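What follows is one structure encoded as structure tokens, with my remarks underneath.
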Amino acid sequence: MNTPVIVWLRHDLRLRDNPALFYAAQQGPVIPVFIDDTSVADEWSPGAASRCWLHHSLDSLNQQLSGGLKLFRGEPLDVLSKLIEQTGARAVFWNRCYTPQAVRRDSLIKRALKNAAIEVHSYNGSLLWEPWEVSKGDGTPYKVFTPFFRNGCLNAPLPDAPLPSPQLRLFSAQDSTDQISLQQLRLLPDHPWYERISEHWEISEDAAWKRLQQFTAERLQHYQKGRDFPSMEATSTLSPYLQWGQISPRQIWYYSQQQANKPGLEDALDTFLKELGWREFSYYQLYHNPGMTRENLNQRFNHFPWRNDADRCRDWQQGRTGFPVIDAGMRELWQTGYMHNRVRMLVGSFLVKNQLQHWLHGARWFWDTLVDADLASNSASWQWVAGCGTDAAPYFRIFNPVTQGQKFDPDGTYVRRYLPELKKLPSRYIHTPWEAPEAVLKAAGIVMGTTYPNPILDLKETRSQALQAFAHLKEHS
DNA sequence: GGTCAATTGAC
DNA sequence: TCAATTGAC
């Protein structure tokens, strides 16, 4: 068969365990395509950090394909139709996307191509279980994680084993006139901020594998306890690779189980696999609640008296709240495009419950600055922390950044890493610099209010305000 | 409709 | 201890 087939790559920028690529390669010479989609340009088009990651991902994948990756910008149906016309391709293969816009787009394109007598083949390349295949006995979707994962997922048929790299034959054709270069895609922002992020990460399919191997070999044994301590680097940090598909959840699922098949690692492995379960649960929720990227899942929260205060949001964004663990987290985010999981919960709770800002302000900032920005996880997690989500943290659970800092960063290693201005402050005061005696501050080279801000709010007071607002909400709905 | 259980806390 | 909600089955 020498009629070419098109593989439309999206969030699956890898060769291994790529069902669309694998099965397309069995059908004929392949034309691999990536399209910068202008048809879904809404507030959740990839943010700056995500586009930066995408730039490097495409560069790396193009090298793996010996320069054969074709880049376009435009409406996918137009691009694909033209390419079919130019090359005589008879089929289009892709791996499914699950965000509401993408689901709608793909089903329209599928219908249009089929009407034009073009075959369309779609596969699951980014989830362990399809969201429509997991439901309760009565057919309605789960709302609570534990039964979703234990009964819904783990009792369902196991995910397929990962596929090997395909035997690829690339279709050799003249470059089409619509094709553009990686530079012309302009995925890197003008702001030099991205350079630091690029330096911080090795962005390729091989790098994702190295990370998984290193994680299972060195980090997994300490995962159970270590994952809560932001200074410890005990987590996998695979999330950004998962987002653009340099690695698949199936590869992680099977490889980690195979490597951790030793006594003593059972609990750590279960906890780790459960985190993949949370990713599944987020996609599951988004699939069944497409409005949750904007609207409170719990509608009672529609009447919550959020404050709309750009200045407060700016303090938070820039890491100038005066609470070291919060500020360190926000600076980690800015410098690396990443933030440790526990710290994400702390900064989320602070913005929503102490500053009383709407969770969407946080979701939008994370969306723009996280290299692992994932619409499902981001929406579900912000709703969780705000208390309006499915299976959410109870409203009265308000994290205290001081006690949390003392508990999970007792010697201040994490704080010092991202707040060098507090580097010389003794551990005793590292989470409460405003309590340090004048002499201690002086010795550490700190001038409160100048080199480091005083706390912008009173934890006790704001906590009780939030509790009051929530209680009011409860009475009047 | 009764029973059981519930990621990641604070005072 | 809080203090009682919500979902799953």
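Observations on the structure shown:
- Tilt relative to chain A, helix A:359-369 - C-alpha long axis, 0 to 90 degrees, to 10: 60 degrees
- For A:G74, net neighbour charge (Lys/Arg +1, Asp/Glu -1) across residues whose Cβ lies under 11 Å away: -3
- Here A:K82 is the anchor, and the lysines within straight C-alpha reach of less than 25 Å, apart from those fewer than 8 places off in the same chain, are A:K70, A:K110, A:K114.
- Converting the Cα gyration tensor eigenvalues of region A:1-144 into ellipsoid dimensions via √(5λ) gives semi-axes, longest first, of 25, 19, 16 Å.
- Ordering A:F350, A:W365, A:S381 by the projection of their Cα atoms onto the charge dipole of region A:291-443, which places +1 on the Cβ of Lys and Arg and -1 on the Cβ of Asp and Glu, puts A:F350 at the extreme positive end.
- For region A:408-460, the square roots a ≥ b ≥ c of the C-alpha gyration tensor eigenvalues yield an a/c under 1.5, which makes the shape rounded.
- Each label point was placed 7 Å from the Cα along the Cα-to-Cβ direction; for A:L154 and A:D78 their separation is 5.0 nm.
- The longest stretch of chain A left intact once loop-based trypsin sites (Lys or Arg not before Pro) with at most 11 other Cβ atoms within 10 Å are removed from consideration, loops following DSSP, is A:1-293.
- Two-site FRET efficiency, A:Q258 against A:R196, from Cβ-Cβ distance with R₀ of 30 Å, rounded to 0.05: 0.25
- Leading residue at positive end of dipole, region A:1-125 (Cβ point charges), from A:G74, A:H121, A:L9: A:H121
- Spin-label model, A:S135/A:W278: points 7 Å from Cα along the beta carbon direction are separated by 2.8 nm.
- Tilt relative to chain A, helix A:266-288 - C-alpha long axis, 0 to 90 degrees, to 10: 70 degrees
- Cross-link reach is defined here as a Cα-Cα straight distance under 26 Å, omitting same-chain residues fewer than 8 places apart; for A:K424 the lysines meeting it are A:K407, A:K442.
- Helix-only mean residue ellipticity at 222 nm for chain A, each DSSP H run of n ≥ 4 adding -39500 (n - 2.57), per residue, nearest 500: -13000 deg cm²/dmol
- Extension reserve of the A:E435-A:A41 stretch, reckoned as 0.36 nm per residue once the Cα distance is removed: 137.0 nm
- Cα centroid of region A:157-180 to Cα centroid of region A:216-280, whole Å: 28 Å
- 17 Å Cα-Cα reach of A:K460 towards aspartates and glutamates, excluding residues that sit fewer than 8 places from it in its own chain: A:E435
- Expressed to the nearest 5 percent, the antiparallel share of DSSP beta bridges inside chain A is 0 percent.
No value in this document is a laboratory result; all are computed from the given coordinates. Worth saying up front: this structure is predicted, and the values here are computed from it rather than measured. Glycine also receives a Cβ, built like all others from the backbone with ideal geometry; neighbour counts cover every protein chain displayed.
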